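Heads up: the structure comes next, in C-alpha cells.
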Amino acid sequence: MNYNPNDIEPKWQKYWKDNKTYRTENFSDKPHFYVLDMFPYPSGAGLHVGHPLGYIASDIFARYKRLNGFNVLHPMGYDAYGLPAEQYAIQTGQHPHITTERNINRYREQLDKIGFCFDWDREVRTCDPEYYRWTQWTFIQLFNHYYDKTLDKARPIAELIEKIRKGEVRDEQGNAYDWDGMDEVARQDLLMNYRLAYLADIPVNWCAGLGTVLANDEVINGLSVRGGYPVERKLMRQWSLRITAYAQRLVDGLDTVDFSESLKEVQRNWIGRSEGAAVWFPLDVPSNANVLPGAQAYMPQCNPQPVPSFEIFTTRPDTIFGVTFMVLCPEHELIDSITTDEQRQQVQDYVSWAKNRSERERQSEVKKVSGVFTGAYAVNPLTNERIPIWVSDYVLAGYGTGAIMAVPAHDSRDFAFARQFNLPIRQVVIPAGTKPEDMTPPETWTESIDSKAGISVNSGFVTGMKVKDAIHAVIDKLDEMGIGYRTINYRLRDAIFSRQRYWGEPFPVYFKQIKDADGTMHAIPYCLPEECLPLCLPEISDFKPTSTGEPPLGHAQKWAWDEANRQVVDKSLIDNVTVFPLELSTMPGFAGSSGYYLRYMDPRNNERYFSEQAVNYWQNVDLYVGGSEHATGHMIYARFWNKFLFDIGLAVKDEPFRKLINQGMIQGRSNFVYRSKTDSNLFISKNIPGREENTVPIHVDINIVDNDILDVERFRAWRPEFAEARFELEDGKYVCGWEIEKMSKSMFNVQNPDDLVARYGADTLRLYEMFLGPVEQAKPWDTNGIEGVARFLKKFWRLYENIVDEVPTKEELKVLHQTIKKITDDIERFSFNTAVSNFMICTNDLLALNCAKREVVGPIVILMAPFAPHIAEELWHKLNPGASSVFDEQWPVCDESVLVESSFEYPVSFNGKMRFKLNLPLTATSDDAMQAVVNAPEAQRWIEGKAVKKLVFVPKKIINVVI
RNA sequence: GCCUCGGUGGCGGAAUGGUAGACGCGGUAGACUCAAAAUCUGCUGUCCGCAAGGACGUGUGGGUUCGAUACCCACCCGAGGUACCA
C-alpha cells in the first residue's frame with residue numbers, strides 16, 4: 001500500500017479527538033511543562049503558511065516533552081476582540097459577534113487539518129463573558145491598588161489611605177494631607193494620583209480615522225499601525241495603567257528570562273532607563289518675588305530665602321559648566337509667567353504654532369530647528385552666570401521635566417540649536433586621546449563632542465577629572481548644596497487603557513455626580529462590586545460614534561448601573577441617586593491578551609481567575625513561541641500584568657515566560673506586471689528596453705504566474721479591469737518581476753496551507769515548514785523544496801512495508817542510536833531544520849542497509865512522532881496491532897555503547913591542511929600517532945625529509961603535523 | 001545616528017576551535033520504459049590539468065592559535081528595531 005496522507009490523516013485526527021489524547025490534567029506525579037503559543041486574532045483572511053510556523057515548532061516541542069514523561073500543558077484560544085471586526089461591522093452592519101464566530105470556526109478548521117496537539121477543552125476566547133469577567137476583575141484590582149515604592153510592590157489602596165491619615169504621604173510642597181478634613185471629591189482626586197488604573201486628562205494619540213485613542217506601541221511614525229491613519233496629540237480624559245511604576249522591575253526581570261538578546265534590547269530601549277541628575281536652576285528674578293506659577297521654590301544651603309526656580313533633568317551633569325542657554329518645551333507652564341513683554345507676541349505665536357503641529361509633521365521635520373527667546377534668564381547655580389531661556393519643540397513635554405540645560409559643545413541637538421540662533425558654544429570636555437593643544441575652537445566645529453570618553457576642562461572643581469567621575473562629583477556637589485539629586489528617568493509612558501470603540505471589554509465602572517466644597521459637580525468613577533462581574537457587553541446595532549461624539553456604547557439603551565439593586569438597567573432610569581451612567585469606552589486589545597496564559601491553567605473555573613492549586617502546579621510558561629512584533633506591546637503588558645498579579649498573590653512567579661522563541665516571519669514572494677503609463681490596457685514584459693521608465697508595477701496573483709511567466713489568459717479573466725489587456729511580450733512570453741515582501745492578501749502573494757495539505761498532507765507541510773530553515777529566521781516562502789520532503793516521507797513509509805522480527809546488526813543499531821542522539825540534541829537546541837535532515841540521512845542509511853527490523857524501526861517511529869504525528873501514529877499501529885497511541889510511548893534512549901568504536905579514522909593535517917586519513921586504535925597515544933605518521937607512505941611527500949617540529953594529537957578529532 | 005542580528009555554492013541552508021558546503025532543491029549523465037511520468041543510481045564550489053593531481057575558497061583587512069566559517073580588533077554590506085528621550 002502506498003503512502004496516502006489523505007487517508008490516514010483524518011483517521012488519526014478523529015482518533016485523537018475521540019480518545020482525548022491531548023487532554024491535560026492539572027495534577028500529576030509527572031514533572032510539568034507549559035508550552036504556549038501566542039493566540040491568534042481570528043482575521044477574515046484565514047491562516048496563511050506563515051501562521052502555523054510557530055505552532056508547528058511548539059507542537060513538536062510539546063509532543064517531545066510529553067514523550068519524555070512530562071505532563072504538558074499546550075492550549076490554544078483566540079484574541080477575539082479587535083478593530084477589524086468592528087470596522088467590518090461599520091461597513092456592513094454585520095455584528096462583530098457573527099464575524100468573529102465565523103472566523104474562529106474557519107481558523108479551527110484550518111488548525112485541525114495540520115494536526116496540532118492542543119488541549120481544546122481549555123480553549124479561551126477574550127470576548128467570552130466567562131473569560132473577560134477576569135479581565136474586568138483584574139482592572140478592579142488595579143484600580144484598588146497603588147504602588148508602594150518602599151516595599152517595591154503593589155499594595156491595597158486602603159493602606160495608602162492609612163498612610164495619608166498618619167501624615168506619611170506628602171504633597172509637592174512637603175505638607176501632609178488633612179484626610180479627615182477633605183471631602184469625597186478631594187479624596188478621590190488624591191487617590192487617583194496613586195491608583196494603578198487611573199482616570200486622568202492626559203495627552204493621548206488620537207486617531208480620527210479610527211475614532212479612538214491608541215497606545216504608543218500602536219502608533220508608528222505618526223500613523224496608526226492598523227489602517228495607517230494619521231494620529232495627533234490631544235488632551236483627553238482617559239483610563240490609564242500606571243505601568244511606569246513597574247519600569248525598573250520590567251528592566252531587571254529581563255536578566256532572569258531566556259529571551260533573545262535583540263528582544264531584550266528592544267524592551268530595554270522601549271523602557272528607556274537613563275541615569276542622571278535633576279537640577280534646580282533659579283530664575284533671574286528678585287529673590288523676594290513670590291513664587292511664579294509653574295516655578296518651584298527651593299532653598300539652597302547658601303541662601304535661606306526660597307528662590308523661584310525650575311527643575312531640569314540631565315544625564316550629563318558634568319557639563320554644567322558648559323551650559324550657555326536653557327530650553328523649555330512649548331507646553332511648559334513657566335513660559336507665560338517669565339516671558340518678557342517685548343518677547344510675548346513672538347513666544348505666543350511660536351507656542352501656538354508648535355502645539356498645532358500634528359505628530360506626523362513634527363516627526364517628519366525633526367531636522368528643522370525652530371525656537372524663540374523668552375527674554376528671561378536663569379542662573380547657573382555653580383557659576384552664577386546669567387543664561388538665556390529659550391522655548392523650542394525639540395524639548396519634549398513627555399520626558400523628564402520638559403526643560404533642559406543646553407550644552408551645545410557636547411550635545412548634538414543643542415549644538416544644532418546654538419548654530420541656528422548664534423548662541424555661544426563652550427567646550428568643557430576634551431575627548432580621550434586628544435591633547436588640549438590639538439583642539440580647535442568650537443566655532444570651527446561641524447559637530448558636537450557627545451562621547452562620555454574624555455576629560456573635563458574649564459569646569460571649576462571637576463577640571464581634569466574623567467567624565468564618568470565628574471558626573472558623580474557634580475551630583476554630589478549639587479546634592480550637598482540642596483539644589484539637585486541623583487535620579488533615574490524612563491522613556492516608558494503609562495499605558496492608555498480607554499478605547500472609544502464597541503468591540504472590547506466594557507469597564508466595570510460607573511460615575512457618580514458629587515459636589516465639591518465649592519458646589520461644583522464632579523463625575524467620580526467607582527468600580528462595580530466584584531461579585532457582579534461579568535459586566536456584559538450590550539448588544540447594539542450602530543457601531544459608529546453617537547451624534548454627540550460619544551463612543552459607540554452611547555447607543556446602548558440598557559447601560560446604566562443601579563447601585564442599590566446591583567444590576568444593569570435602562571439609561572432612562574439614571575437619577576444620579578441610585579442609578580448612574582456606566583463608562584462608555586472599552587478596553588484595548590492588550591487587556592484580554594495580558595493574562596490569558598494564566599487562565600489556561602484553569603479555564604472553566606467560575607469562582608476565581610484560576611485556582612491556587614493550578615497555578616502552584618503549572619507556575620509559569622516554560623516555553624512561549626510567537627512573533628517579535630509583540631516586543632513593545634503584548635510582551636511588556638503581559639509582563640506588567642503578571643507582576644501585578646504576583647504582587648497581589650495570584651501569580652506565583654514574577655515573570656510570566658521563562659523562555660521565549662520568536663519565530664521568523666515567512667515572507668511572500670510577490671509577482672508584478674508592468675502597466676504602461678500612457679495606455680492602461682497595455683502591459684509590458686519585464687526585460688523590454690525602456691520598460692522601467694514607462695510603466696508602473698502592479699501586484700499580480702502568484703497563482704496565475706508560474707516561474708515568473710504570466711498566464712495571460714488567466715490574467716484577463718482575473719479581474720474585470722484587465723479583460724481588455726494587451727501585452728508586449730519577450731520571446732513570446734510575459735515575464736513578471738518579483739520581490740520579497742510581507743505575505744498579505746493585498747499583495748496577492750498568500751500561500752494557503754489548506755491547498756498544500758490537500759496536495760501533500762499535513763505531515764509534509766509540517767516537515768517542510770521546519771526544513772525551510774531555523775525557526776527564528778525570516779525566510780521567503782518557496783514551494784520548490786516541498787517535493788523533496790514529500791519524497792522523503794514516501795521513502796520513510798516504504799521502510800516499514802516489509803517489517804521483520806530479526807536481530808539487528810551492529811551497523812543497523814549504530815544508525816538507530818546515532819539518530820536518537822542527533823534528534824534529541826536537535827530538538828533540545830530547537831534546531832528543527834537539522835532534525836528533518838537527520839531523519840532523511842537515517843532513512844537513506846537504513847534503505848541502503850535494507851533494514852526493516854522491528855527493533856530499529858520502532859524507536860525511529862517514536863522519534864518521528866513529534867514532527868509527523870499522523871504517519872508515525874499509522875506506522876506505530878501497523879507495527880503494534882492493538883496498541884494505544886504512539887504518544888503514550890517513551891522517548892528512546894541512546895545506547896552510547898553501541899556507538900563505541902575500536903578505532904578511529906583520523907584526518908591528518910600538515911600545517912593545518914588536511915592531507916590524508918590514518919586509522920588508529922582508540923587507545924593510541926600521541927607517540928603512537930607520531931610513529932604512524934612518520935611511517936605512513938602517504939606522509940612522505942609532505943615531510944620530504946624535513947623534521948617534524950610538532951605533532952598535535954586530539955583523540956577522536958585530528959592529527960596535525962607541523963613541519 | 002544608535003541598538004540587535006546576520007553575510008558560506010545557482011538556491012534554502014549544515015558545521016559545539018579540528019575533513020567547509022551535511023541534507024534538500026535545481027542542474028546533469030545514466031538505468032527502467034515503445035515513450036513519458038514516477039522511481040532508482042552516479043556526478044555537481046571555482047580555477048588549472050587529458051589524467052593523476054594541484055591551487056584557490058565561508059563579505060574585506062589584520063590578530064590569537066599547531067589549526068578559525070566559528071574567538072578578538074577595524075571596516076564594508078544587508079535585515080530588523082528605535083530616535084529631537086536631554
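The values are calculated or read from the model by the stated rules, or taken from the named source; none is laboratory data. Treat the numbers as computed from the prediction; the structure is a model and nothing was measured. FYI the Cβ positions are ideal-geometry reconstructions off the backbone, even for glycines, and counts take in every protein chain you see.
Values computed for the structure shown
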{"quantity": "Residue satisfying all of: in the range A:899-928; out of contact with any strand residue (DSSP E or B) (no Cβ under 7 Å at 6 or more places or on another chain) and away from RNA strand B (no atom under 11 Å from the Cβ); farthest from A:Leu951 (Cα to Cα) among these", "calculated": "A:Leu899"}
{"quantity": "A:Ile684 away from RNA strand B (no atom under 16 Å from the Cβ), modelled with pLDDT of 95 or more and either under 25 Å from A:Ser28 (Cα atoms) or buried (at least 16 other Cβ atoms within 10 Å of the Cβ) (or both)", "calculated": "no"}
{"quantity": "Condition broken by A:Lys949, with the remaining ones in (1) within 12 Å of RNA strand B (Cβ to nearest atom); (2) under 50 Å from the mean Cα position of the chain (by Cα); (3) of a type in the set (D, E, K, R) satisfied", "calculated": "(2)"}
{"quantity": "Residue that is nearest to A:Lys355 (Cα to Cα), among those in the range A:377-393 that are within 13 Å of RNA strand B (Cβ to nearest atom) and assigned to a loop (DSSP other than H, G, I, E, B)", "calculated": "A:Asp393"}
{"quantity": "Any hit, the range A:394-401, residues being more than 13 Å from A:Val327 (Cβ to Cβ), surrounded by fewer than 16 Cβ atoms within 10 Å (Cβ to Cβ) and at pLDDT 90 or above", "calculated": "no"}
{"quantity": "Number of the condition not met by A:Met236 [criteria: (1) within 28 Å of A:Arg362 (Cα to Cα); (2) out of contact with any strand residue (DSSP E or B) (no Cβ under 7 Å at 6 or more places or on another chain)]", "calculated": "(2)"}
{"quantity": "Selection from the range A:733-749 of residues that are free of Cβ contacts under 8 Å to residues at least 60 places away in the same chain and hydrophobic (A, V, I, L, M, F, W, C)", "calculated": "A:Val735"}
{"quantity": "Selection count where residues are more than 19 Å from A:Ala868 (Cβ to Cβ), more than 10 Å from RNA strand B (Cβ to nearest atom), in contact (Cβ under 8 Å) with a residue 60 or more places away in the chain and surrounded by fewer than 19 Cβ atoms within 10 Å (Cβ to Cβ), scope the range A:815-852", "calculated": "1"}
{"quantity": "Condition check for A:Tyr64: surrounded by 22 or more Cβ atoms within 10 Å (Cβ to Cβ), outside any helix (DSSP H, G or I) and out of contact with any strand residue (DSSP E or B) (no Cβ under 7 Å at 6 or more places or on another chain)", "calculated": "no"}
{"quantity": "Residue in the range A:422-443 that is under 37 Å from the mean Cα position of the chain (by Cα) and either within 30 Å of A:Lys234 (Cα to Cα) or modelled with pLDDT under 90 (or both) present", "calculated": "no"}
{"quantity": "Of all residues making up the range A:547-574, the number that are within 24 Å of A:Met236 (Cβ to Cβ) and surrounded by 14 or more Cβ atoms within 10 Å (Cβ to Cβ)", "calculated": "11"}
{"quantity": "Only listed residue being aliphatic (A, V, I, L, M), within 16 Å of RNA strand B (Cβ to nearest atom) and at pLDDT below 90, chosen from A:Leu223, A:Leu235, A:Leu254, A:Leu250", "calculated": "A:Leu223"}
{"quantity": "The range A:749-807 - residue that is aromatic (Phe, Trp, Tyr) and more than 9 Å from RNA strand B (Cβ to nearest atom) and, of those, nearest to A:Cys842 (Cα to Cα)", "calculated": "A:Phe796"}
{"quantity": "Condition met for A:Leu241 (within 11 Å of RNA strand B (Cβ to nearest atom) and either loosely packed, with under 15 Cβ neighbours inside 10 Å or modelled with pLDDT of 90 or more (or both))", "calculated": "no"}
{"quantity": "Failed item in (1) touching an Asp or Glu at 6+ places or on another chain (Cβ under 9 Å); (2) buried (at least 17 other Cβ atoms within 10 Å of the Cβ); (3) acidic (Asp, Glu), with A:Glu218 passing the rest", "calculated": "(1)"}
{"quantity": "Scope the range A:402-411; condition near RNA strand B (Cβ under 7 Å from one of its atoms) and either in contact with a Cys (Cβ under 6 Å, 6 or more places away or on another chain) or of a type outside the set (A, V, I, L, M, F, W, C) (or both); matching residues", "calculated": "A:Gly402, A:Asp411"}
{"quantity": "Matching entry among A:Ala790, A:Ala872, A:Ala835 (being small (Gly, Ala, Ser), farther than 23 Å from A:Asn68 by Cα and not in a loop (DSSP other than H, G, I, E, B))", "calculated": "A:Ala790"}
{"quantity": "All positions within the range A:889-911 that are part of a loop (DSSP other than H, G, I, E, B) and within 46 Å of the chain's Cα centre (by Cα)", "calculated": "A:Glu889, A:Gln890, A:Trp891, A:Pro892, A:Val893, A:Cys894, A:Asp895"}
{"quantity": "Strands (runs of 3 or more DSSP E) contained entirely in the range A:639-727, each with at least 1 residues that are within 30 Å of A:Gly626 (Cβ to Cβ) and touching a Cys at 6+ places or on another chain (Cβ under 7 Å)", "calculated": "A:666-676"}
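Every residue, every condition in (1) farther than 21 Å from A:Pro508 by Cβ; (2) surrounded by fewer than 16 Cβ atoms within 10 Å (Cβ to Cβ), yes or no:
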site: A:Gly93; (1), (2): yes, yes
site: A:Ile98; (1), (2): yes, yes
site: A:Trp120; (1), (2): yes, no
site: A:Thr138; (1), (2): no, no
site: A:Gln141; (1), (2): no, no
site: A:Val169; (1), (2): yes, no
site: A:Tyr177; (1), (2): yes, no
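Residues are listed down the side, and each one gets a yes or a no for (1) in contact (Cβ under 8 Å) with a residue 60 or more places away in the chain; (2) of a type in the set (Ser, Thr, Tyr); (3) part of a loop (DSSP other than H, G, I, E, B); (4) more than 13 Å from RNA strand B (Cβ to nearest atom):
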position	(1), (2), (3), (4)
A:Pro330	yes, no, yes, no
A:Val369	no, no, yes, no
A:Gly375	no, no, no, yes
A:Val395	yes, no, yes, no
A:Gly400	yes, no, yes, no
A:Arg413	no, no, no, no
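Residues checked against (1) surrounded by 22 or more Cβ atoms within 10 Å (Cβ to Cβ); (2) within 23 Å of A:Met747 (Cβ to Cβ); (3) not aliphatic (A, V, I, L, M):
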site: A:Lys30; (1), (2), (3): no, no, yes
site: A:Tyr34; (1), (2), (3): yes, no, yes
site: A:Phe39; (1), (2), (3): yes, no, yes
site: A:Ser43; (1), (2), (3): no, yes, yes
site: A:Gly46; (1), (2), (3): no, yes, yes
site: A:Pro52; (1), (2), (3): yes, yes, yes
